[in-house]
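Structure first, commentary second.
The values are calculated or read from the model by the stated rules, or taken from the named source; none is laboratory data. Source: prediction; values computed, not measured. Virtual Cβ from ideal backbone geometry, glycine too; neighbours counted across all protein chains shown.
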Amino acid sequence: MKNFGARNVLFVSVFCFLLLLSPLRGYSDSATVTLISVGGESSGPGYIYPYYFSVNGSADLTPLMCISFTNEISFGESWTATIVPVAGNTQYEEAAYIFAQAYAPGATETTMLEAQWADWELFDPNDPTLLADEPAQYQGDVTALLNQASLYVKNNSRSRIYDDSEIYLPVAGSWPAGDGEPQLLIGDPVPVLTPEPGSLILIGSGLFALAAALICRRRFVRNHSLQGHESAPVVQT
């Protein structure tokens, strides 16, 4: 029984050690985003998707879409964003559907442009500057895409598209003084995965406690069995 207990402790110890070294990450509810460059073509007064950001200081840049037309950002500007899931919010779900058209494999520049203007119009529908700057030749397609998004969300309360992106909400006061409010962003949730050592330690502690409880229980059962055997009367035949 002692050998069995030792094997359990060794197994749990190795498992926890590997867990700490593994690439598993826990979701963070916020992230620091920094605008590094713009990959999209210009359209009217601004650029379209993709905007490339460093998330939490990562050297690997993340393409995100700016979905607030009225707000402005500049290269090198950093701020904190709260990460919000798309599912459960109709406007966010429609934005996710539109965004999915832009990042789909093989999406053309025109598709990206129409998706960009559609998301801008979704969040700032009455902005006179937006309505004036939106390229006339694309307005029909933008309107059609907005209608498609609305219809899709109505008919798909649960869709994988909603899980493929998240909203980055600027945290008030986290951007440089004097700058206007940063853009509202939508993009892939994977880049905001950050290590959570506290959670891993908690898991490891729980596994150790479970192993210890199992060992103690087995020893209790063994000792109780031996005591019962010793006190049992000997039957003479």
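Among the residues of the range 105-119, those that are in a helix (DSSP H, G or I) and of a type in the set (Gly, Ala, Ser) comprise 115, 118. Condition first: within 18 Å of residue 147 (Cβ to Cβ) and buried (at least 18 other Cβ atoms within 10 Å of the Cβ). Now tell me which residues in the range 104-117 satisfy that. Selection gives 113, 114, 115, 116, 117.
Every residue, every condition in (1) free of Cβ contacts under 8 Å to residues at least 24 places away in the same chain; (2) acidic (Asp, Glu), yes or no:
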site	(1), (2)
71	no, no
75	no, no
82	no, no
90	no, no
97	no, no
104	yes, no
119	no, yes
124	no, yes
127	no, yes
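Within this structure, residue 137 passes the test of being among the polar types (S, T, N, Q), over 15 Å from residue 69 (Cα atoms) and over 30 Å from the mean Cα position of the chain (by Cα). For the range 120-144, the set of residues classified as at pLDDT below 90, part of a helix (DSSP H, G or I) and polar (S, T, N, Q) consists of 129 only.
Report yes if some residue within the range 87-103 is out of contact with any His (no Cβ under 6 Å at 6 or more places or on another chain), surrounded by fewer than 14 Cβ atoms within 10 Å (Cβ to Cβ), modelled with pLDDT of 90 or more and within 21 Å of residue 163 (Cα to Cα); otherwise report no.
At the first step, the residues of the range 87-103 found to be out of contact with any His (no Cβ under 6 Å at 6 or more places or on another chain) are 87-103.
Cutting the leftovers down to surrounded by fewer than 14 Cβ atoms within 10 Å (Cβ to Cβ) gives us 88, 90.
Narrowing the set further to residues that are modelled with pLDDT of 90 or more leaves 88, 90.
In the following step, the residues that additionally are within 21 Å of residue 163 (Cα to Cα) were identified as 88, 90.
Yes: the range 87-103 contains one or more residues that are out of contact with any His (no Cβ under 6 Å at 6 or more places or on another chain), surrounded by fewer than 14 Cβ atoms within 10 Å (Cβ to Cβ), modelled with pLDDT of 90 or more and within 21 Å of residue 163 (Cα to Cα).
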